[in-house]
1. Which lysines have a Cα less than 17 Å from the Cα of Lys107, not counting those fewer than 8 places away in the same chain?
2. Please list, in order along the stretch 99-111, the HN-Hα scalar couplings obtained from phi with the Karplus expression 6.51 cos²θ - 1.76 cosθ + 1.60 (θ = phi - 60°), rounded to whole Hz, x for Gly and Pro.
3. If you wrap the chain's Cα atoms in a convex hull and average its projection over all directions, what's the area in nm²?
4. Based on alpha-carbon centroids, what's the gap between the stretch 1-47 and the stretch 79-112 in Å, whole number please?
5. What shape does the stretch 98-138 have by the C-alpha gyration tensor, where a ≥ b ≥ c are the square roots of the eigenvalues, rounded means a/c under 1.5, and otherwise prolate means a/b greater than b/c and oblate the rest?
6. Could you give each residue of the stretch 124-136 its phi-based ³J(HN,Hα) in whole Hz, using Karplus coefficients 6.51, -1.76, 1.60 with θ = phi - 60°, and x for Gly or Pro?
7. If R₀ is 25 angstrom, what is the calculated FRET efficiency for the pair Phe128 and Lys58, using the beta carbon separation as r and rounding to 0.05?
8. If the cut-off is 15 Å between C-alpha atoms, which aspartates and glutamates fall inside it for Lys58, apart from same-chain ones fewer than 8 positions away?
Amino acid sequence: MKTLQRTLAIIKPDAVARGAIGDIIGSLERRGFRILSGKMLHITRKQAEGFYAVHAGKPFFESLTKFMSEGPILVIALEKENAIAEWREIMGATNPANAKEGTVRKKWAESIERNAVHGSDAEDTARFELSYFFAGYELQ
Ligand code: ATP
Ligand code: MG
């Protein structure tokens with residue numbers, strides 16, 4: 001069953017630094033995503049820790065939050081039918097070594113950590129993540 005969904009995409013610091021913004025947004029537009037809102041942010045370590053709180057305690061948490069605060073990111077609010085699963089499909093596997101040809105991570109990711117993009121993984125996490133970076137009036 002198809003349902004209209006919203007999801008959060010992030011173009012991570014590695015991909016912004018490598019000039020991948022245009023290519024990644026192009027992929028979203030070609031697949032018919034509606035871009036509700038977007039902003040360039042350089043988040044603090046604390047803000048990265050808050051965003052990735054579900055991963056607190058994991059061995060890669062410190063390194064991940066340091067990476068996510070090392071430079072600017074582009075946070076994007078997206079809308080489409082089945083947006084959550086479809087954006088994750090376009091992103092490809094977390095580890096670029098396992099990412100399929102044609103996916104964003106296959107093309108742009110450097111490693112399992114520096115993997116170019118983020119996408120929400122479920123409706124409840126999408127709601128939390130969108131509200132972490134956007135106010136209600138920014139998502140119309
Ligand atoms: P994201 O949440 O960024 O969309 P994901 O859902 O594919 O990616 P998660 O398991 O939620 O992956 O991990 C969040 C992020 O933490 C990954 O995107 C990656 O940057 C980093 N990460 C995940 N696993 C590892 C690992 N084993 N070593 C280093 N970094 C990791
Ligand atoms: Mg995840």
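1. Filter leaves Lys12.
2. Along the stretch 99-111, the couplings run 6, 6, 4, x, 8, 4, 5, 4, 7, 10, 6, 9, 6 Hz.
3. Taking the Cα atoms of the chain, their convex hull projects to 8.1 nm² on average.
4. Taking the Cα centre of each part, the stretch 1-47 and the stretch 79-112 sit 12 Å apart.
5. prolate
6. Calculated HN-Hα couplings, in order: 6, 6, 4, 4, 4, 5, 5, 6, 5, 10, 10, 7, x Hz.
7. 0.90
8. Glu49, Glu113
Bear in mind these aren't lab numbers, they're just calculated from the coordinates by the rules spelled out. Just so it is clear, the structure is predicted and the values come from calculations on it, not from any experiment. Cβ coordinates were reconstructed from backbone atoms using ideal geometry, including for glycine residues, and neighbour counts include every protein chain displayed.
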